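First comes the structure, then the notes that go with it.
The values are calculated or read from the model by the stated rules, or taken from the named source; none is laboratory data. A quick note: this is a predicted structure, and the numbers were derived from the prediction, not measured. Note that we place each Cβ from the backbone using ideal geometry, even for glycine, and neighbour counts take in every protein chain shown. The protein model used for the area step is the full one, side chains on, heavy atoms only, and it has no ligands, DNA or RNA in it. Shrake-Rupley method; radii C 1.70, N 1.55, O 1.52, S 1.80 Å.
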Amino acid sequence: MRTLVICAALFILVMSAVLFVLMGADKRFARHEMHRVPEKKLFLFALLGGAPGGLLGMYAFRHKTKHWYFVLGFWALAAAQLGALAWAAYRYV
């Protein structure tokens, strides 16, 4: 079970890194008036474990911070994902 918790932590880390990069890319695309990353894709990566990285990306790049549904959604998903990971680590490691 310990291996499963470690794999889950690595998965969240990788998905967070991907979403962090996507948030930065979307901000750059917005500045240069290029084709944007769809909001559905950003939320999909957040839902699949990347919400912590998405939050970091939101505030590091000052991107999507005025959209209340991004702020609330990413905070809720990040809390749920990190909370579940912390619970699993406490329970099984």
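Identify the residue in the stretch 28-52 that is in a helix (DSSP H, G or I) and among the charged types (D, E, K, R) and, among all such residues, is least open to solvent (accessible area, probe 1.4 Å). Checked the stretch 28-52; the qualifying residue least open to solvent (accessible area, probe 1.4 Å) is Glu39. With respect to the conditions (1) touching a helix residue (DSSP H, G or I) at 6+ places or on another chain (Cβ under 6 Å); (2) open to solvent by 20 Å² or more (accessible area, probe 1.4 Å); (3) of a type in the set (S, T, N, Q); (4) in a helix (DSSP H, G or I), Ser16 falls short on a single one, namely (2). When you scan the stretch 58-74, how many residues do you find that are buried (at least 16 other Cβ atoms within 10 Å of the Cβ) and either within 15 Å of Leu13 (Cβ to Cβ) or of a type in the set (A, V, I, L, M) (or both)? Looking only at that region, the number is 1. Just one residue in the set Leu55, Leu4, Leu22, Leu77 is surrounded by fewer than 19 Cβ atoms within 10 Å (Cβ to Cβ), in contact (Cβ under 8 Å) with a residue 12 or more places away in the chain and either touching a helix residue (DSSP H, G or I) at 6+ places or on another chain (Cβ under 8 Å) or not in a helix (DSSP H, G or I) (or both); that residue is Leu4.
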